[in-house]
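Following: one structure in structure tokens, then a few remarks.
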Amino acid sequence: MSMVYLKSPSTDPAFNLALEQFVFDKMDRSKEYFMLWQNNNAVIVGKNQNTFGEVNPKVVEEKGVKVIRRLSGGGAVYHDLGNLNFTFIMDAKEASDLDIKLFCQPVASLLQELGADAQVNGRNDITIDGKKFSGNSQYLKEGRVMHHGTIMFNSDLDVVAAVLNVAGDKFQSKAAKSVKSRVTNVKPYLKADLTLEEFQNQLVSYVFGKMPVETYSLTEKDIEEIEKIKVERYAQWDWNYGKSPEYTVQKERRIDGCGKIEAHMNTKDGKIVEVKFYGDFFGVSDHGELSKLLEGCELKREALERMLVNTEIEKYFHGISVNQFIDILL
């Protein structure tokens with residue numbers, strides 16, 4: 001079976017996840033595919049994860065980070081333009097389980113040749129000096145497998161740490177949680193001072209070996225179909241956040257001039273089922289009224305702003321603004 005190389009023309013994370021699905025579902029099944037793609041700042045969460053428990057919403061908002069849910073399981077990963085993503089799509093060859101190492105080993109072997117002692121470790125990681133630079137996951141359907149992984153070549157590690165840090169909130173959820181690992185970039189370990197583009201070219205050559213590199217360029221019709229998949233799934237809040245399973249969270253913040261506020265929330269499908277407030281704040285109205293108002297509201301800023309547009313929040317929590325209150329809930 002021949003292999004086709006496809007490089008994404010886009011750095012839009014929603015487009016690129018739609019592109020993967022398009023290649024997997026729609027393109028010629030008699031061929032195998034190797035794809036390379038990059039995303040602007042994004043967190044990609046696993047299919048079975050609680051998005052709210054994986055990202056820091058303040059950092060997401062401040063940095064303009066997009067949060068997208070993928071088709072495969074596994075943990076949340078951060079993408080930026082210093083990161084290179086790779087995807088293999090091919091027949092599963094009777095596989096009923098996920099063979100992560102099969103697809104990770106070519107990346108590790110190339111890096112070893114380039115001077116970095118990369119090792120395929122644990123369940124789905126590739127590491128150097130015990131530090132993770134590549135997270136991997138797979139999706140199996142109808143006898144086909146899609147394996148995708150990250151390669152942090154020269155990512156902003158400060159943003160990686162900040163955006164995936166949800167410390168301060170106590171979550172109880174049935175969703176899969178990411179295992180936080182020490183992370184690193186590949187570039188400092190290489191013998192030669194390669195650019196990401198040069199590394200990318202070497203990876204393509206290594207994967208194809210002696211096979212001819214057959215490339216595929218997306219047609220206008222392909223892009224129309226990919227955009228349709230993007231709009232219907234990966235650009236939807238209901239998919240990226242609303243698919244989060246039921247969970248309970250306790251959020252605690254201290255606001256100057258107001259005091260400590262604890263918000264104890266039960267949620268389902270990204271909506272508030274129940275919320276109760278505790279703390280040493282002052283208010284002239286019963287905050288139980290506010291709790292009832294918020295039931296059924298989506299946990300996103302725009303929805304909360306609409307719900308609270310005619311609410312005098314200071315009646316319930318003296319010395320706080322609506323924006324500060326929403327920050328607590330998010």
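The values are calculated or read from the model by the stated rules, or taken from the named source; none is laboratory data. All figures in this text were calculated on a predicted structure; none of them were measured in a lab. Reconstructed Cβ throughout: ideal geometry from the backbone, glycine too, with neighbour counts over all protein chains shown. Note: areas computed on protein heavy atoms with side chains; ligands, DNA, RNA excluded. Shrake-Rupley method; radii C 1.70, N 1.55, O 1.52, S 1.80 Å.
Charging the Cβ of each Asp and Glu at -1 and of each Lys and Arg at +1, and nothing else, the dipole of the chain about its Cα centre rounds to 640 debye.
Peptides 200-207, 63-70, 253-260 ordered by packing proxy, namely the average of other Cβ atoms within 10 Å per residue, highest first: 63-70, 200-207, 253-260. Restriction of the GluC sites (Glu not before Pro) in the stretch 27-128 to DSSP coil positions whose beta-carbon has at most 15 other beta-carbons within 10 angstrom yields GLU94. With K and R counted +1 and D and E -1, the other residues having a Cβ less than 9 Å from that of LYS47 yield a net charge of +3.
Here the chain has 48 percent of its accessible surface on carbon and sulfur atoms, given a 1.4 Å probe and all protein chains in place. From the Cα gyration tensor of the stretch 44-100, with a ≥ b ≥ c the square roots of its eigenvalues, which class applies: rounded if a/c is under 1.5, or else prolate if a/b is larger than b/c, or else oblate? It comes out oblate by the Cα gyration axes. Length gained on full extension, GLN236 to MET211, computed as 0.36 nm times the residue gap minus the Cα-Cα distance: 5.1 nm.
For ARG301 and ASN266, the difference between the fully extended length at 0.36 nm per residue and the C-alpha to C-alpha distance is 10.9 nm.
Here the spin labels are modelled as points 7 Å beyond Cα on the Cα-Cβ line, and at LYS26 and THR219 they lie 1.1 nm apart.
Estimated at 0.36 nm per residue, the fully extended path between LYS191 and SER321 surpasses their Cα-Cα distance by 41.4 nm.
In this structure the chain gives 48 Å² per residue of accessible area when probed at 1.4 Å with all protein chains present.
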